[in-house]
Amino acid sequence: MFLAGHRGLVGSALLKALAAKGEYQVLTRTRQELDLTDETTVGCFLQNERPDWVILAAAKVGGIMANKSHPADFIATNLAIQQSAIMGAFRAGVPNFAFLSSSCVYPKITPQPIPETALLTGSLEPTNSAYAIAKLAGMELCNALSIQHGVNYFSVVPPNVYGPRDNFDPQGSHVLASLMRKFHEALPDGPVECWGTGTPRREFLPSDLLASGILHLMSLPRVSGHVNVGTGRSITIRELAETMQRITGHRGEIIWNTDFPDGFPEKTMDVLRMTELGWRAEFDFETSLREAYGWFCEHRAGARTS
Ligand SMILES: NC(=O)c1ccc[n+]([C@@H]2O[C@H](COP(=O)([O-])OP(=O)(O)OC[C@H]3O[C@@H](n4cnc5c(N)ncnc54)[C@H](OP(=O)(O)O)[C@@H]3O)[C@@H](O)[C@H]2O)c1
């Protein structure tokens with residue numbers, strides 16, 4: 001099996017889970033060893049190795065500000081990575097493929113919780129539409145190859161993910177990692193500025209549970225289309241900030257800067273399909289967040305913070 005993106009937030013959790021399971025011989029390559037945007041080189045690599053599985057956990061990933069300021073980079077890089085990996089795997093005869101998509105592929109305004117059938121039923125959230133369109137293209141390519149050629153190529157749709165090896169760079173991080181860093185670095189009684197109104201609802205899944213969900217899907221004989229792998233529960237960004245405040249011991253004021261966009265008003269996924277497939281995310285959010293904060297404190301010097 002080839003795990004692409006093994007040094008990232010999701011990929012490193014998958015690497016750990018795959019090692020613990022011990023059923024797969026896992027091939028990995030760093031970006032320096034194999035640039036996944038290079039279709040020819042990736043094609044040759046997959047032809048030579050002929051893995052039985054490819055998991056694509058490599059992508060250009062970022063939070064609301066990175067997506068807003070560099071939309072062309074997000075769509076072009078992700079389309080190139082997906083074209084290389086998905087078509088390279090198919091041409092090399094790889095029978096199974098798990099593609100990491102994201103809940104941002106769903107419409108901005110849609111019934112909550114969001115079922116898999118909500119895909120392409122409305123307009124995307126403009127702040128990350130370039131990234132979402134690349135993800136939609138990858139999902140459609142996997143689906144089309146499965147329909148036309150009978151391969152087992154499917155897409156996993158996670159909510160916001162957090163855990164070890166997250167990105168804490170203020171320019172590129174997602175909301176949870178960004179707040180963790182802000183509260184950690186604030187003076188105990190000083191103010192912390194948070195972006196937006198604090199009212200949007202978001203769903204958060206620890207990376208080790210996402211890896212467990214993906215391994216569960218891989219253990220099934222076949223998966224069609226795309227599957228939401230989440231908790232089905234969400235909290236407001238304000239609740240997230242207050243939880244982060246408790247965890248970090250911060251006692252100062254939280255200031256909401258409404259000059260920054262909120263993004264989706266709510267993103268909570270319907271996890272009925274995954275439940276029916278035999279997997280649920282059981283965990284305590286605050287305990288898991290404390291563990292993630294423990295990792296950040298311990299590894300801060302080596303973490304992605306700039
Ligand atoms: N993070 C989330 O909250 C979240 C939520 C939903 C879905 N997802 C999806 O999960 C997947 C993984 O996300 P993540 O958060 O784990 O991202 P991440 O931490 O930024 O990791 C991405 C990985 O991709 C690698 N990569 C990027 N461009 C590459 C290239 N051209 N060639 C080779 N490797 C390349 C990176 O390598 P380097 O280590 O060399 O940079 C890194 O290891 C993505 O598809 C994302 O859409 C993530």
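The values are calculated or read from the model by the stated rules, or taken from the named source; none is laboratory data. The structure displayed is predicted, hence computed values, not measured ones. A quick note on method: Cβ atoms are made from the backbone with ideal geometry, for glycine too, and the neighbour counts reach across all protein chains shown. Heavy atoms of the whole protein, side chains included, go into the accessibility calculation; ligands, DNA and RNA do not. Shrake-Rupley method; radii C 1.70, N 1.55, O 1.52, S 1.80 Å.
Structure above, values below:
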| read-out | value |
| --- | --- |
| Residue tally, condition closer than 16 Å to GLY63 by Cβ, outside any loop (DSSP other than H, G, I, E, B) and open to solvent by 10 Å² or more (accessible area, probe 1.4 Å), over the range 172-203 | 7 |
| Test result for ARG238, assigned to a helix (DSSP H, G or I), touching a Gly at 6+ places or on another chain (Cβ under 6 Å) and open to solvent by 10 Å² or more (accessible area, probe 1.4 Å) | yes |
| Flag if LEU215 is within 27 Å of GLY8 (Cα to Cα) and either part of a strand (DSSP E or B) or of a type outside the set (Ser, Thr, Tyr) (or both) | yes |
| In the range 134-148, residue nearest to the chain's Cα centre (by Cα) [restricted to those that are within 16 Å of the ligand (Cβ to nearest atom) and crowded, with 18+ Cβ neighbours inside 10 Å] | LYS135 |
| The range 120-132: number of residues that are surrounded by 17 or more Cβ atoms within 10 Å (Cβ to Cβ), at pLDDT 95 or above and either within 17 Å of the chain's Cα centre (by Cα) or of a type in the set (Gly, Ala, Ser) (or both) | 4 |
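Residue by residue, here is whether (1) in contact with a His (Cβ under 7 Å, 6 or more places away or on another chain); (2) open to solvent by less than 30 Å² (accessible area, probe 1.4 Å) holds:
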| residue | (1), (2) |
| --- | --- |
| HIS226 | no, no |
| ILE247 | no, yes |
| PHE260 | no, no |
| TRP279 | yes, yes |
